[in-house]
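What follows is one structure encoded as structure tokens, with my remarks underneath.
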């Protein structure tokens with residue numbers, strides 16, 4: 001299927017850094033949000049996927065799950081000093097997911113950061129079905145704001 005929309009689009013306006021995510025399936029929102037965030041931080045093509053890190057995340061809502069999921073990835077990057085290249089979701093329901101992060105130990109010479117994201121804000125996070133373009137098909141949409 002050829003998509004008529006971009007899966008994610010980073011933006012910066014009025015000092016806010018964010019990410020708009022569109023997907024055919026609800027689970028893809030989580031996948032595309034993780035991909036978009038990682039590409040905002042690293043040149044992911046330069047990261048060897050030599051280490052696998054399993055994570056399990058819960059949330060009281062799909063929005064809380066998304067924020068918790070992305071913040072867990074950021075925990076691995078910022079606190080555990082990992083350079084993460086990709087994320088594979090192993091199991092998903094709207095309140096729980098399991099995933100594997102692939103990457104290697106962070107090296108500031110090998111992995112210069114494009115941007116520094118400390119955490120994902122809960123502010124105005126909503127996952128909903130909407131039309132990306134006028135009279136277009138309904139797709140899953142989410143918008144995230146990052147704390148830098």
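Residues are listed down the side, and each one gets a yes or a no for (1) at pLDDT 95 or above; (2) exposed (fewer than 15 other Cβ atoms within 10 Å of the Cβ); (3) on the phi > 0 side of the Ramachandran plot; (4) within 16 Å of the chain's Cα centre (by Cα):
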site	(1), (2), (3), (4)
7	no, no, no, yes
13	no, yes, no, no
29	yes, no, no, yes
58	yes, yes, no, yes
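Considering only the stretch 106-122, state which residues are out of contact with any strand residue (DSSP E or B) (no Cβ under 9 Å at 6 or more places or on another chain) and more than 19 Å from residue 17 (Cβ to Cβ). Listed by number, the residues that qualify are 108, 109. Set side by side, the residues 125, 132 differ, and just one is more than 19 Å from residue 75 (Cβ to Cβ) and touching a strand residue (DSSP E or B) at 6+ places or on another chain (Cβ under 9 Å), which is 132.
Please enumerate the residues belonging to the stretch 126-148 that are surrounded by fewer than 18 Cβ atoms within 10 Å (Cβ to Cβ), in contact (Cβ under 8 Å) with a residue 12 or more places away in the chain and either part of a strand (DSSP E or B) or in contact with a helix residue (DSSP H, G or I) (Cβ under 7 Å, 6 or more places away or on another chain) (or both). 126, 128, 129, 143, 145, 147 - these are the residues of the stretch 126-148 that are surrounded by fewer than 18 Cβ atoms within 10 Å (Cβ to Cβ), in contact (Cβ under 8 Å) with a residue 12 or more places away in the chain and either part of a strand (DSSP E or B) or in contact with a helix residue (DSSP H, G or I) (Cβ under 7 Å, 6 or more places away or on another chain) (or both).
Just so you know, in the stretch 90-111 the residues that are farther than 18 Å from residue 67 by Cα and touching a residue at least 24 places away in the same chain (Cβ under 8 Å) include one that is surrounded by the most Cβ atoms within 10 Å (Cβ to Cβ), and it is 103. Taking the stretch 58-74, which residues are closer than 17 Å to residue 121 by Cβ and in contact with a strand residue (DSSP E or B) (Cβ under 7 Å, 6 or more places away or on another chain)? 62, 63, 65, 66, 67, 68, 69, 70, 71, 72, 73, 74, listed by residue number.
Which residue, of 23, 10, 83, is closer than 15 Å to residue 140 by Cα and in contact with a helix residue (DSSP H, G or I) (Cβ under 8 Å, 6 or more places away or on another chain)? I'd like the intermediate steps shown before the answer.
Numbers: 10 fails: closer than 15 Å to residue 140 by Cα; 83 fails: closer than 15 Å to residue 140 by Cα.
Within the list 23, 10, 83, the selection yields 23.
The values are calculated or read from the model by the stated rules, or taken from the named source; none is laboratory data. All of these numbers come straight from a predicted model, not from anything done at the bench. No Cβ is skipped: glycine too gets one built from the backbone with ideal geometry, and neighbour counts run over all protein chains shown.
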